[in-house]
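Written below as structure tokens is the structure these notes are about.
Throughout, read-outs are computed from the coordinates displayed, never taken from laboratory work. Everything quoted here is computed from the prediction, not taken from an experiment. Here the Cβ is made from the backbone with ideal geometry for all residues, glycine too, and neighbour counts use every protein chain on show.
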């Protein structure tokens, strides 16, 4: 069941927002439990995190530094400026755009990085780092960019992000380390179906906030969705361009492009539902419609499908060994 859900997220995730929009009277009241459900989902995703993998990436830290600075600080500012030029200073639109791109890297990014032969350690480290720092970076970017027009309760937001993202990750990593991999190899697969169901259910709850907007959909709303599509695709490509300019190998190009393009929209939506103006979720949840599709397109054109990964790894290792010999 976990494998089926994981392989079909590209269409299951967009479909999951429909029940919330059509039945807000049922799913709306359940928004109060969404943070707890997200913490459970984050726990499962973090069981695959190993401290050793994170340490390895910091031996060559340039890629992870770029992922953090560009993805968590530059992208929200760029997206905010573009939206401000197109839509004015509407607080709901502005806060939704900033929340989307200041959110941590999506935990499902690891699925796509592995699927297309990317650098798993780099993708993992980016996910862990941005998740741990999200309680500080996300409220900061919201306050810095839209704080003048939107009242933001910084401390409660930080505490909720700590509860939703950081605490589950620390507990999960501790379990995996203390059990010498049992958490990753045994517990994570068993909890995977539950985590995928929780992701879909959280989307249903959060999308209930869009019911009124969908009922009065305007041309401006269409333009917001199209803007988010265009800038999300651009951010995937910028990630690929940066990796190319840094002369990284194919594995790193896959990891950097996906890490800089995929955002944890469930966490952003949960925060928006609790702390941001009504309508902020339109920008955030519109990403659910196409984020996975863009990731698949990028992965197919840049990476190596999982069926070829083993052969690809062997070729890369032989090339690196040959280069070392020639260098010596």
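Between residue 212 and residue 143, the simple spin-label model (points 7 angstrom out along Cα→Cβ) gives 2.8 nm.
For the range 30-327, rounded, prolate or oblate, judged on the Cα gyration tensor with a ≥ b ≥ c (square roots of eigenvalues), a/c < 1.5 rounded, else prolate if a/b > b/c? Prolate shape, in that a/c is at least 1.5 and a/b is the bigger ratio. This ranking places 125, 179 by how few other beta-carbon atoms lie within 10 Å of each, fewest first, which gives 179, 125.
Taken along the Cα-to-beta-carbon direction at a fixed 7 Å, the label points for residue 151 and residue 223 span 3.0 nm. Give the distance, in whole Å, between the Cα centre of the range 246-267 and the Cα centre of the range 179-235. With the range 246-267 and the range 179-235 each reduced to a Cα centre, they are spaced 18 Å.
Mind telling me which of 60, 50, 248 comes out most flexible in a GNM of the chain, alpha-carbon contacts under 10 Å? It is 60.
Between the Cα long axis of helix 219-245 and the first principal axis of the chain there is an angle of about 20°, rounded to the nearest 10. Multiplying the residue separation of residue 182 and residue 36 by 0.36 nm and removing their Cα-Cα distance gives an extension gain of 50.1 nm. Fully extending the segment from residue 237 to residue 278, taken as 0.36 nm per residue of separation minus the present Cα-Cα distance, adds 11.7 nm.
Just order 198-205, 93-100 by mean Cβ neighbour count inside 10 Å, highest at the front, would you? Write out the running numbers ahead of the final one.
Values: 198-205: 22.9, 93-100: 27.1.
Peptide ranking by packing, descending: 93-100, 198-205.
Roughly how many Å is it from the Cα centre of the range 131-158 to that of the range 1-62, as a whole number? Rounded to whole Å, the Cα centres lie 21 Å apart.
Counting neighbouring Cβ atoms within 10 Å and putting the fewest first, the residues 244, 107 line up as 244, 107.
Exposure proxy for 141, 1: other Cβ atoms within 10 Å of each Cβ, ordered fewest to most, give 1, 141.
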